[in-house]
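First the structure, in the form of structure tokens, and then the observations on it.
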Amino acid sequence: MASVHGPPSGQNNPRPILPSATAREPMLIRQLLLGLLLVVPVCCYGIDIAAQEDLIQEISSELRKGRYEEAQDAAKRLLKAEPRVEVKLFIADTLLRCGDAKTSLKLFDQYVEAKPDSEPYLWQRGIAQYFVGEYKAGVDQFEIHRKVNPNDVENAAWHFLCLAKNQSPKEAKALLLPAPGDPRPPMAEVLEMLRSGDKSIVKQKIESFDEGSRSRGTAEFYGWFYLGLYEDALGDKAKAAEWLKKSASVAPRNYMGGPCLRRNLAIRLKARCRGPQSCYGPRA
């Protein structure tokens with residue numbers, strides 16, 4: 001998702017705590033949460049402040065190393081400590097990245113219940129809703145996210161996917177969210193594909209970059225990823241799995257590149273998956 005900076009200071013609406021999907025700065029949320037732990041007493045919770053800090057640092061380290069199962073285990077230990085709601089948001093974020101959308105969604109919902117003004121910023125919650133099959137709720141989440149992030153094609157794509165599952169691909173095309181001015185390749189082409197059904201423009205944009213270049217790798221990952229999601233929206237699981245396997249082969253360590261893609265989409269597409277690193281083949 002494109003970066004969201006939240007409302008101006010002085011307003012009562014919360015600033016977003018989670019990082020954007022395109023910023024991909026895993027330490028940002030950890031630093032923010034460590035700050036929360038340092039300034040808010042935690043004497044009433046299950047483990048002391050030092051132990052919570054240690055667990056947050058452990059989770060951050062495991063995520064940086066791509067050790068998702070270890071990060072997930074540490075996040076669940078932190079959850080057992082009955083932490084503050086802000087720390088639960090961090091855990092929700094972590095568990096979604098590690099492929100546990102069901103538990104993640106429960107924690108996102110708890111956060112929204114405690115802090116309803118945060119709801120527009122939680123695009124991660126919409127992704128979790130899609131993975132667990134709560135498509136109507138996902139439609140609503142991505143629609144409200146557009147109010148704070150109107151130029152993000154990825155938001156329009158996930159809204160399309162949820163709406164196609166909840167109603168039909170035809171209805172999803174008719175109600176495609178505008179997302180003007182997203183400069184990231186191949187996002188303009190992805191939006192046009194959702195509107196027109198022309199998949200060739202995404203492939204052509206990917207091939208316009210020099211092979212082996214960083215731009216080519218980024219375009220391959222996101223282009224193939226959204227080609228896969230589009231095929232899933234149309235109900236062609238075989239083609240969806242083919243594109244998603246290609247995407248996973250060049251995936252970075254981020255929301256879509258880790259087990260969030262590999263485990264959750266394997267479940268959605270009923271593919272065989274023996275573990276978060278095995279779904280759709282090994283990382284390149």
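Here is how the numbers come out for the structure above:
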read-out: Unique residue being buried (at least 22 other Cβ atoms within 10 Å of the Cβ) and of a type outside the set (D, E, K, R) when the list is Val132, Val139, Val148; value: Val139
read-out: Residues of region 135-171 satisfying the condition of being part of a loop (DSSP other than H, G, I, E, B) and over 15 Å from the mean Cα position of the chain (by Cα); value: Lys147, Val148, Pro150, Asn151, Gln167, Ser168
read-out: Output for region 123-146, where each listed residue is among the basic types (Lys, Arg) and closer than 21 Å to Glu171 by Cβ; value: Lys136, Arg146
read-out: Residue in region 187-195 that is assigned to a helix (DSSP H, G or I) and closer than 16 Å to Phe142 by Cα present; value: yes
read-out: Ala266 vs. criteria in a helix (DSSP H, G or I), at pLDDT 65 or above, under 25 Å from Ala164 (Cα atoms) and not β-branched (Val, Ile, Thr); value: no
read-out: Candidate set from region 191-232 (those that are charged (D, E, K, R), out of contact with any Phe, Trp or Tyr (no Cβ under 6 Å at 6 or more places or on another chain) and over 27 Å from Cys162 (Cβ atoms)); member that is surrounded by the most Cβ atoms within 10 Å (Cβ to Cβ); value: Glu207
read-out: Asp182 in contact (Cβ under 8 Å) with a residue 12 or more places away in the chain, surrounded by 16 or more Cβ atoms within 10 Å (Cβ to Cβ), charged (D, E, K, R) and in contact with a helix residue (DSSP H, G or I) (Cβ under 6 Å, 6 or more places away or on another chain); value: yes
read-out: Pairs with Cβ under 6 Å, 6+ apart, first in region 71-98 and within 16 Å of Ser118 (Cβ to Cβ), second of a type in the set (Gly, Ala, Ser) and crowded, with 23+ Cβ neighbours inside 10 Å; value: Ile91/Ala75; Ala92/Ser104; Leu96/Ser104; Leu96/Ala128
read-out: Test: Phe209 is assigned to a loop (DSSP other than H, G, I, E, B) and either modelled with pLDDT of 95 or more or within 23 Å of the chain's Cα centre (by Cα) (or both); value: yes
read-out: Qualifying residue in region 77-94 (condition: among the basic types (Lys, Arg), crowded, with 17+ Cβ neighbours inside 10 Å, assigned to a helix (DSSP H, G or I) and within 15 Å of the chain's Cα centre (by Cα)); value: no
read-out: Extreme residue, surrounded by the most Cβ atoms within 10 Å (Cβ to Cβ), among residues of region 106-129 that are basic (Lys, Arg) and in a helix (DSSP H, G or I); value: Arg125
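This table checks each residue for (1) among the charged types (D, E, K, R); (2) at pLDDT 90 or above.
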{"position": "Leu37", "(1), (2)": "no, no"}
{"position": "Asp54", "(1), (2)": "yes, yes"}
{"position": "Tyr68", "(1), (2)": "no, no"}
{"position": "Leu79", "(1), (2)": "no, yes"}
{"position": "Val87", "(1), (2)": "no, yes"}
{"position": "Ala92", "(1), (2)": "no, yes"}
{"position": "Cys98", "(1), (2)": "no, no"}
{"position": "Val112", "(1), (2)": "no, yes"}
{"position": "Ser118", "(1), (2)": "no, yes"}
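The values are calculated or read from the model by the stated rules, or taken from the named source; none is laboratory data. Remember, predicted model here, so these are calculated numbers, not experimental data. Note that each Cβ is placed from the backbone with ideal geometry, even for glycine, and that neighbours are counted across all protein chains shown.
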